[in-house]
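Enquirer: My structure is below; once you've seen it, I'll send some questions.
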Amino acid sequence: MINMCKKKRHQGRCVYYSGVEKALITALINYRSVSKIITFLFPFFLRSQNPNNMQSIVSSYHLCLPPPPPVLRHRLICQSLPPIRLPSRRSPTSLRLFPCAAVSRESEMAAAAKEDGQDPRIPKIASSIRVIPDFPKPGIMFQDITTLLLDTEAFKDTIDIFVERYKGKGISVVAGVEARGFIFGPPIALAIGAKFVPMRKPKKLPGKVISEEYSLEYGTDKIEMHVGAVEPGERAIIIDDLIATGGTLAAAIRLLERVGVKIVECACVIELPELNGREKLGEAPLFILVTSDAA
Amino acid sequence: MSRNKQEEDPRINGIKTKIRVVPDFPKKGIMFQDITTVLLDPKAFKDTIDLFVERYRDKNISVVAGIEARGFLFGPPIALAIGAKFVPLRKPKKLPGETIFEEYELEYGNDRLEMHVGAVEAGDRALVVDDLIATGGTLCAAINLLERVGAEVVECACVIELPELKGRQRLKGKPLCMLVEYR
């Protein structure tokens, strides 16, 4: 162990280590510190070679870091399909989160789901959804349902679960929000004998419309519905692929309620619960199959 | 079969009467064929899907490609009924994963149609679905996209055709099945 107070004898006198010298010596003993020093000094070394490339050098250095750990895919909502009660809100305690750490555990999850008396179709549906990082912008983990549509069994199961829930409940309107709501809404409407009402972005519907504004992160947007598509007293469900902040669904609810329609339930394949979209839905209950972390 | 139209089927007339024509939309002179009124009639909507399903269920179709956004209304029910996968073909920047695109002409300028890489495999037998064929530009782009990845486009299926715009001739020789003509 080096005596940190004493360095050497210089011309017969003791010369003490300066603070910098002590630090360097400590660092030399400590391997981790050495690498940190190199890490710290390396860009500056290269900068001295070419001062203009500092930013790109630091960036390319960051690219050398190991890839991030696998994304936690989906926590599953396993439900025993309670009957529809109106007006009601699904209690959070009735949801059972089923941890899903890896796609390859699908068969284990199905078995466990069956043991718990939960719907065994849900794990396959959840595992067929692809998560795309940083789309449409950095930090967002996009829930891509197009891969679910490529799995004929998973797509059929998704529709079947909704149809089993809503058939025979006197629902005459299925409203679907453009554009991914158009994929799930019509098959449900056809199977339960309801009409399908598209809710669209502005200027897409050719006839006379009513519209409802809703907030975006920056600014506002509108959704529109044809006048006369629905009548007062009809019972409706609203379909979309995913609920995030709930802004779009809340606007859809307001549009339908303005013309006297009763919203029986909102139904989505995926919920991002951290975004609290459920709170924007007022009295309308929300039914979902899969929950996922937002980011 | 010189024309792939279900002429004899009595359900066709029921569907035709449900289509609403909206004049001067999106601009003056255009008689817009509004299919949302078909969707409001559960029987007419079911008949529309049934007609296509009856035609395609034994044709070993593995992919139904639907063109955004009204192709999404008809494509998925057909896909589900015939046991095919559904592939959405979308406007630019809507699909989150890696995509391939095909450009096509509009009246003024160009537009693009995109499809996810890997959605369709070489050897897949595909059906392209849209609500209406006008000039055929969008359908032609869809056929190109599917053929580029090695799929075989079996047929294009539309509810409505505007025959005067001769879209049928732009389908690279692929047959077109439509239910209703509007002249």
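A short reminder: the numbers here are calculations on the coordinates, not readings from a lab. Here the structure is a predicted model, which means the values were calculated and not measured. Don't worry about glycine lacking a Cβ; one is built from the backbone with ideal geometry, like all the others, and counts go over all protein chains shown.
Enquirer: Out of residues 5 or more away from B:ARG125 or on other chains, whose amide H comes under 5 Å of its own, with H placed 1.01 Å from N in the peptide plane?
Expert: Under 5 Å from the amide H of B:ARG125: B:SER62, B:VAL63, B:GLU152.
Enquirer: Output the DSSP H helices from chain B with an along-axis C-alpha extent of no less than 18 Å and a mean Kyte-Doolittle hydropathy no less than -0.5.
Expert: The qualifying helices are B:42-56.
Enquirer: Additional query: How many Cβ atoms of partner chains, on average, are near each residue of B:74-87 if near means within 10 Å of its Cβ?
Expert: For this peptide, the per-residue mean of nearby foreign Cβ atoms is 5.
Enquirer: Pop out the ³J(HN,Hα) list for the range A:231-236 in order, Karplus 6.51 cos²θ - 1.76 cosθ + 1.60 with θ = phi - 60°, rounded to Hz; leave Gly and Pro as x.
Expert: Each residue's phi maps through the Karplus curve to give 10, x, x, 5, 9, 10 Hz.
Enquirer: Using 10 Å bins from zero, what percent of all Cα-Cα pairs in the range B:1-153 falls into each bin?
Expert: Using 10 Å bins, I get a P(r) of 11, 36, 36, 17, 1 for the range B:1-153.
Enquirer: Loop-only check: which chymotrypsin sites (Phe, Trp or Tyr not before Pro) in the range B:1-95 are DSSP coil with at most 12 other Cβ within 10 angstrom? Write down the numbers at each step before the final one.
Expert: On the way: sites: B:PHE32, B:PHE45, B:PHE52, B:TYR56, B:PHE72, B:PHE74, B:PHE86; in loops: none.
Answer by residue number: there is no such site.
Enquirer: Of B:VAL64, B:ILE133, B:ASN13, which is farthest towards the positive pole of the range B:10-181's charge dipole, taken about the Cα centre with +1 and -1 on the beta-carbons of Lys, Arg and Asp, Glu respectively?
Expert: Going by the charge dipole, the pick is B:ASN13.
Enquirer: Once the Cβ-Cβ distance between B:GLU147 and A:VAL20 is put in as r, and R0 is 51 Å, what FRET efficiency do you end up with, to the nearest 0.05? The partial results should precede the final answer.
Expert: Working: r = 70 Å, r/R0 = 1.37.
Efficiency for this residue pair is about 0.15.
Enquirer: For the cross-link pairs A:LYS124/B:LYS94; A:LYS208/A:LYS280; A:LYS156/B:LYS166; A:LYS280/B:LYS18; B:LYS59/B:LYS172; A:LYS262/B:LYS43, which exceed 31 Å when the distance is taken from alpha carbon to alpha carbon?
Expert: A:LYS156/B:LYS166; A:LYS280/B:LYS18
Enquirer: Can I ask one more? Describe numerically, in nm with one decimal, the distance between label points set 7 Å from Cα along Cα→Cβ at A:GLU213 and at A:PHE135.
Expert: It is 3.2 nm.
Enquirer: What is the Cα centroid distance between the range A:190-254 and the range B:102-123, reported in whole angstrom?
Expert: 28
Enquirer: While we're here: What is the gain in length, in nm to one decimal, between B:ARG20 and B:ASP111 on full extension, counting 0.36 nm per residue of separation less the C-alpha to C-alpha distance?
Expert: Stretched fully, the B:ARG20-B:ASP111 segment lengthens by 30.1 nm.
Enquirer: Could you work out, residue by residue across A:220-228, how many beta carbons of other chains sit within 10 Å of that residue's beta carbon, and then give the average as an integer?
Expert: Other-chain Cβ atoms within 10 Å of each residue's Cβ, averaged: 1.
Enquirer: Let me ask another. Show me the ranking of peptides A:121-130, B:143-152 by mean Cβ neighbours inside 10 Å, starting with the highest. Kindly include the intermediate steps, with their values, before the conclusion.
Expert: Working: A:121-130: 22.8, B:143-152: 18.3.
Listed from highest to lowest mean packing, they are A:121-130, B:143-152.
Enquirer: For B:TYR104, what charge total do you get from the other residues with a beta carbon under 12 Å from its beta carbon, if Lys and Arg give +1 and Asp and Glu give -1?
Expert: Net local charge, B:TYR104 excluded: -3.
Enquirer: Could I ask something else about it? Which distance in nm do the two modelled labels at A:ASP293 and B:ASN60 give, with both placed 7 Å along the Cα-to-Cβ direction?
Expert: Taking the two extended label points, one gets 4.6 nm.
Enquirer: Same structure again: Obtain the nm distance between the two label points defined at A:ASP221 and B:LYS94 by a simple spin-label model: each point lies 7 Å from its Cα along the Cα-to-C-beta direction.
Expert: Using points 7 Å along Cα→Cβ, the separation is 1.2 nm.
Enquirer: Further question on the same structure: 5 Å is the cut-off here: which amide hydrogens, built 1.01 Å from N in the peptide plane, fall below it relative to A:PHE142, excluding neighbours closer than 5 in sequence?
Expert: A:ILE132, A:ASP134, A:PHE135
Enquirer: What area, in nm² and to one decimal, does the C-alpha convex hull of the range A:143-291 cast on average over all directions?
Expert: Details: hull surface 34.2 nm².
The orientation-averaged projected area of the Cα hull of the range A:143-291 comes to 8.6 nm².
Enquirer: Give, in nm to one decimal, the length gained when the segment between B:LEU165 and B:GLU103 is fully stretched (0.36 nm per residue of separation minus the Cα-Cα distance). Kindly include the intermediate steps, with their values, before the conclusion.
Expert: Details: separation 62, 0.36 × 62 = 22.32 nm, distance 1.96 nm.
Between B:LEU165 and B:GLU103, full extension yields an extra 20.4 nm.
Enquirer: I've got another one for you. Considering only DSSP states other than H, G, I, E and B, which GluC sites (Glu not before Pro) in the range B:36-127 qualify as loop sites with at most 16 other Cβ atoms within 10 Å?
Expert: Listed in order of number, the matching sites are B:GLU98, B:GLU107, B:GLU121.
Enquirer: In peptide B:36-49, what is the residue-averaged number of other protein chain Cβ atoms found within 10 Å of each Cβ?
Expert: Going residue by residue through B:36-49 and averaging, the value is 5.
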